[in-house]
Amino acid sequence: MNIILFGPQGSGKGTQARLLCDKFGFSYFESGAYLRKLADTHEEMKLIMNSGKLVPDEEFTSYLTAYLDQENLYDDIIFDGFPRTLEQYKFLKVWLNQKQVKINLAIVLEINEEETLKRLGARRLDPKTGKIYNLVTDLPPSDVDINTLVQRDDDKPEAIKKRLALYHERTETLIEGIKKDTNVFRVNGERSIEDIHNDLVGIVEEAKKYEQI
Ligand code: AMP
């Protein structure tokens, strides 16, 4: 079963995806983390990302498919951050179809803009491991020195505004488009991690029942 997890920046997609992976054994594909690693050696990509713009579709999808082919990974994936546009979704749909799988479920974690800005302002990256923490809601473990954590350039106010505008403009349109093919569940993301996780587990378990029919 493949799942797309949607939600504006800071909606807790990463946290919830990791919990679902632990529970159901899904693989997690986080486009932002994947691209940040690539950007270490691709200066132009780094500039695009730091400004809050999207990496061009063709460039991104060619890296993505090469990665999934290399990992032989086509099913039981949680996609986070991809697809982000209708074009990317159409591409993914055709590509997965060739592998005889599909997107089975889409889940949208909803939080309002004020909450997004608050959460992203407190978000920190561990440059050593690439892990993301939140100084308010998701502190690092005790063996990680908080002073070594940094704020991502694209979590700074100007870039955040651009990323949020892109999310609303493109991704919301995409979510509407996906409804034709796949069940889409909207979940209130402004609750405790545990409550949200319990809702998501219920949604996935229900979808798994239909998968077996
Ligand atoms: P994120 O951590 O998901 O907000 O992604 C960080 C940055 O990576 C975005 O602002 C984009 O520049 C780039 N990025 C992530 N996913 C995609 C995608 N699906 N298509 C194009 N660019 C992306």
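The values are calculated or read from the model by the stated rules, or taken from the named source; none is laboratory data. All values derive from a computational prediction rather than experimental measurement. All Cβ positions, even for glycine, are placed from backbone atoms using ideal geometry, and neighbour counts span all protein chains on display. Ligands, DNA and RNA are excluded from the accessible area calculation, which covers all protein heavy atoms including side chains. Shrake-Rupley method; radii C 1.70, N 1.55, O 1.52, S 1.80 Å.
Which one is nearest to the ligand (Cβ to nearest atom), of the residues in the stretch 12-25 that are of a type in the set (Lys, Arg) and under 17 Å from the mean Cα position of the chain (by Cα)? Step through it out loud before you land on a result.
Of the stretch 12-25, the ones of a type in the set (Lys, Arg) are 13, 18, 23.
Applying the additional criterion that residues be under 17 Å from the mean Cα position of the chain (by Cα) yields 13, 18.
On the way: LYS13: 8, ARG18: 14 Å.
Within the stretch 12-25, the match that is nearest to the ligand (Cβ to nearest atom) is LYS13.
Let's see how each residue does on (1) at pLDDT below 85; (2) closer than 27 Å to GLU87 by Cα:
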position	(1), (2)
ASP138	yes, no
THR173	no, yes
GLY189	no, yes
GLY202	no, no
ILE213	yes, no
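Mind checking which residues of the stretch 131-151 are closer than 20 Å to LYS13 by Cβ, open to solvent by 40 Å² or more (accessible area, probe 1.4 Å) and either within 11 Å of the ligand (Cβ to nearest atom) or among the β-branched types (Val, Ile, Thr) (or both)? Break it down into steps so the answer makes sense when it comes.
Going through the stretch 131-151, the residues closer than 20 Å to LYS13 by Cβ turn out to be 131-140, 149, 151.
Now drop any that are not open to solvent by 40 Å² or more (accessible area, probe 1.4 Å), which leaves 131, 135-139, 151.
Residues satisfying the conditions are VAL136, THR137.
Kindly provide the set of residues from the stretch 23-59 that are of a type in the set (Phe, Trp, Tyr) and modelled with pLDDT under 95, ordered by number.
Looking only at the stretch 23-59, we keep the residues that are of a type in the set (Phe, Trp, Tyr), and these are 24, 26, 28-29, 34.
Hit for the stretch 23-59 is TYR34, nothing else.
Answer with yes or no whether TYR28 is within 25 Å of ILE196 (Cα to Cα), within 14 Å of the ligand (Cβ to nearest atom), open to solvent by 50 Å² or more (accessible area, probe 1.4 Å) and touching a residue at least 24 places away in the same chain (Cβ under 8 Å). Give the steps one after another, and end with the answer.
Details: within 25 Å of ILE196 (Cα to Cα): yes; within 14 Å of the ligand (Cβ to nearest atom): yes; open to solvent by 50 Å² or more (accessible area, probe 1.4 Å): yes; touching a residue at least 24 places away in the same chain (Cβ under 8 Å): yes.
Judged against the criteria, TYR28 is a match.
Look through ASN183, ASN198 and report the one residue that is under 25 Å from ASN112 (Cβ atoms) and in contact (Cβ under 8 Å) with a residue 40 or more places away in the chain.
Just one listed residue meets the conditions, ASN183.
Looking at this structure, is LEU166 touching a residue at least 12 places away in the same chain (Cβ under 8 Å), within 16 Å of the ligand (Cβ to nearest atom), under 29 Å from ASN50 (Cα atoms) and touching a Pro at 6+ places or on another chain (Cβ under 8 Å)?
Values: touching a residue at least 12 places away in the same chain (Cβ under 8 Å): yes; within 16 Å of the ligand (Cβ to nearest atom): yes; under 29 Å from ASN50 (Cα atoms): yes; touching a Pro at 6+ places or on another chain (Cβ under 8 Å): no.
When the stated conditions are applied, LEU166 does not pass them.
If you go through the stretch 152-201, how many residues are open to solvent by 60 Å² or more (accessible area, probe 1.4 Å), of a type outside the set (S, T, N, Q) and not in a helix (DSSP H, G or I)?
As a first pass, look at the stretch 152-201 and keep what is open to solvent by 60 Å² or more (accessible area, probe 1.4 Å): 153, 156-158, 161-162, 168-170, 173, 176, 179-181, 183, 185-186, 188, 190-191, 193-195, 198-199.
Within this subset, residues satisfying the condition of being of a type outside the set (S, T, N, Q) are 153, 156-158, 161-162, 168-170, 176, 179-181, 185-186, 190-191, 193-195, 199.
Okay, now just the ones that are also not in a helix (DSSP H, G or I), so 156, 179-181, 185-186, 190-191.
Total meeting the criteria: 8.
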